[in-house]
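So the structure is just underneath, and the comments pick up after that.
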Amino acid sequence: MQKLAKREEQIMQILWQLGRGFVREIIEEFPEPKPHYNTIATLIKILKDKGFVTSKKLGNTYQYFPAITRDEYQNKAVGDVLKGYFDNS
């Protein structure tokens, strides 16, 4: 599992909180200044390519869902820290 960039992780935190969401709903959860629609749409596509997000087509738009749980990501991140800094002990 790849490590997420800061903005990618923000999007995942929002999706984990919402459970699912459209791009506009995700943008609404960001603090001011809100990111541009195309920026978030591109990052969600990257997250989908990385396997963190799945989608469902509804009409002419997509609804996005987390493909992994927050706990799965946190456990992997902590494991990477242990492996990198403490020689996996």
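Among the residues of the stretch 31-48, what is the count of those that are over 11 Å from the mean Cα position of the chain (by Cα) and part of a helix (DSSP H, G or I)? Walk me through it before giving the result.
Here is the first cut: in the stretch 31-48, the residues over 11 Å from the mean Cα position of the chain (by Cα) are 31-39, 41-42.
Going one step further and asking which of them are part of a helix (DSSP H, G or I), we end up with 37-39, 41-42.
Selection size over the stretch 31-48: 5.
Looking only at residues that are small (Gly, Ala, Ser) and open to solvent by less than 70 Å² (accessible area, probe 1.4 Å) in the stretch 31-89, which one is modelled with the lowest pLDDT? Steps first, answer last, please.
Just the residues of the stretch 31-89 that are small (Gly, Ala, Ser), to begin with: 41, 51, 55, 59, 67, 77, 79, 84, 89.
Narrowing further to those that are open to solvent by less than 70 Å² (accessible area, probe 1.4 Å): 41, 51, 55, 59, 67, 77, 79, 84.
Values: 41: 97, 51: 94, 55: 97, 59: 94, 67: 96, 77: 68, 79: 56, 84: 60.
Here the residue is 79.
Under 7 Å by Cβ, and 6 or more places apart or on different chains, what pairs join a residue from the stretch 14-38 that is farther than 22 Å from residue 57 by Cβ with one that is modelled with pLDDT under 95 and exposed (fewer than 12 other Cβ atoms within 10 Å of the Cβ)?
none
Would you check which residues across the stretch 8-17 are out of contact with any strand residue (DSSP E or B) (no Cβ under 9 Å at 6 or more places or on another chain) and either surrounded by 14 or more Cβ atoms within 10 Å (Cβ to Cβ) or assigned to a loop (DSSP other than H, G, I, E, B) (or both) and list them? Walk me through it before giving the result.
Step one: of the stretch 8-17, the residues out of contact with any strand residue (DSSP E or B) (no Cβ under 9 Å at 6 or more places or on another chain) are 8-10, 13, 17.
Answer for the stretch 8-17, where residues must be out of contact with any strand residue (DSSP E or B) (no Cβ under 9 Å at 6 or more places or on another chain) and either surrounded by 14 or more Cβ atoms within 10 Å (Cβ to Cβ) or assigned to a loop (DSSP other than H, G, I, E, B) (or both): 8, 9, 10, 13.
State the number of residues belonging to the stretch 20-30 that are part of a loop (DSSP other than H, G, I, E, B) and open to solvent by less than 40 Å² (accessible area, probe 1.4 Å). Step through it out loud before you land on a result.
Just the residues of the stretch 20-30 that are part of a loop (DSSP other than H, G, I, E, B), to begin with: 20, 22, 29-30.
Filter again for open to solvent by less than 40 Å² (accessible area, probe 1.4 Å), leaving 30.
Total meeting the criteria: 1.
The values are calculated or read from the model by the stated rules, or taken from the named source; none is laboratory data. Only a predicted model underlies this, so the values are computations on that prediction, with no experimental measurement involved. As a convention, Cβ positions derive from the backbone with ideal geometry for all residues, glycine included, and neighbour counts pool all protein chains shown. Surface accessibility is based on the protein's heavy atoms, side chains included, excluding ligands, DNA and RNA. Shrake-Rupley method; radii C 1.70, N 1.55, O 1.52, S 1.80 Å.
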